[in-house]
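Participant: Got a structure for you, written out below as structure tokens; questions coming shortly.
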Amino acid sequence: LAEVDGDNMEEALDRLIDDNVVIEDRMMLEGCAYSHKKKLLQDFALNDIVICRYGRLRIIDFKIYVNGEYLNRYSADAMVISTPTGS
């Protein structure tokens, strides 16, 4: 339905009701944020995950892991991790 414009909405809904649609698989992200080895939060995303500072201006040290493997370390004021859908 994301590709349907307003002029074709009724036709798209009829096709959906008739189960006459193509379903695309999309990559999802699972993100976990830790501080001092304590998990702060965990969630899933279709488009992107944004991690940014809270409060006063400062730099955050990020250690990035992908599928449990260390990727790199970054110092920044925010980090955006995106899927092809979100980019």
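Participant: Considering only residues that are in a strand (DSSP E or B), closer than 24 Å to Asp25 by Cβ and touching a residue at least 12 places away in the same chain (Cβ under 8 Å), which ones fall in the stretch 45-77?
Facilitator: Result: Ala45, Asp48, Ile49, Val50.
Participant: Yes or no: Phe44 aromatic (Phe, Trp, Tyr) and surrounded by 10 or more Cβ atoms within 10 Å (Cβ to Cβ)?
Facilitator: The answer is no for Phe44.
Per-residue answers, yes or no, for (1) open to solvent by less than 80 Å² (accessible area, probe 1.4 Å); (2) on the phi > 0 side of the Ramachandran plot; (3) touching a Phe, Trp or Tyr at 6+ places or on another chain (Cβ under 7 Å):
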{"residue": "Leu13", "(1), (2), (3)": "yes, no, no"}
{"residue": "Asp19", "(1), (2), (3)": "no, yes, no"}
{"residue": "Val22", "(1), (2), (3)": "no, no, no"}
{"residue": "Met27", "(1), (2), (3)": "no, no, no"}
{"residue": "Cys32", "(1), (2), (3)": "yes, no, no"}
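Participant: Does the stretch 58-87 hold any residues that are open to solvent by 80 Å² or more (accessible area, probe 1.4 Å), over 15 Å from the mean Cα position of the chain (by Cα) and of a type in the set (Val, Ile, Thr), and which are they?
Facilitator: Residue satisfying the conditions is Ile59 alone.
The values are calculated or read from the model by the stated rules, or taken from the named source; none is laboratory data. Note that the structure is a prediction, hence the values are computed from the model and not measured. Neighbour counts are summed over all protein chains in view; Cβ atoms, including those assigned to glycine, are modelled from backbone coordinates with ideal geometry. Remember, those area values only see protein heavy atoms, side chains included, never the ligands or the DNA or RNA. Shrake-Rupley method; radii C 1.70, N 1.55, O 1.52, S 1.80 Å.
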